[in-house]
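Beneath this line is the structure, given in structure tokens, with notes to follow.
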Amino acid sequence: EILTLSKPSSYEAQMLDIKDVVEQAITLFQLKALELNTSIIFEYDEQASYKIKGNNNRLKQMLINLLKNAIEAVDSNGHIIIQLVYQDPTTLRLIVEDRGRGMSSEQMEKAFQSFYTTKSTGTGLGLLLVQAVVEEHNGEIKLESTEGVGTRFIIDFPINMYDFNEMMTSNTMYLSEKQQNYI
């Protein structure tokens, strides 16, 4: 993680479907989730296209860190919910939520600080990497948490209007009714 954070952030961006990236990350954690009798629920509109300009590997690293934290936070028989939704024509929102231990206000304040961890084997760099990837994609990240209830990471990715219009007009048969109204 230290090497990943210290490398220059010149990553090749291309149009990709973030739904596919989420599915790849879920696949990596499916066995661990089954061992803990934890379900990973992925909610999205099957008729929609979730394309953004980004880097597949960096986005997958981000999701791996978020899923790893979520799995470690939930008890056996827990739930992790991932959602993709368009907030508006210029914003795609990714939500990763666990129904786990949650965080105190002090933990939330320190969550994105270098080397801060609540785990005995943690490096304190996972959420820093998540934040770096979000910033590389010109996104914004928000953390919500309640002790004993769970934690939610809300990530908003901007969509370049040119890319959005090109993608939407060429793929209207894959869009939800709500998204077609944006065109």
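The values are calculated or read from the model by the stated rules, or taken from the named source; none is laboratory data. Here the structure is a predicted model, which is why all the values come from computation and not from measurement. Because the Cβ atoms are built from the backbone with ideal geometry, glycine has one as well, and the counts that use them run over all protein chains shown. Remember, those area values only see protein heavy atoms, side chains included, never the ligands or the DNA or RNA. Shrake-Rupley method; radii C 1.70, N 1.55, O 1.52, S 1.80 Å.
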Task: Highest-first arrangement of 35-45, 146-156, where packing means the average Cβ count within 10 Å - done: 146-156, 35-45
Task: Amide H contacts of residue 160 (H built 1.01 Å from N, under 5 Å, at least 5 apart or other chain) - done: 53
Open item on the list: Set the bar at 21 Å for Cα to Cα. Now go through 51/110; 19/110; 60/142; 68/142; 68/110; 19/68 and name every pair that lies beyond it.
Closed with: 51/110; 19/110
Open item on the list: For a quick check of understanding: with a 1.4 angstrom probe and all protein chains in place, what accessible area in square angstrom does residue 110 have, to the nearest ten?
Closed with: 70
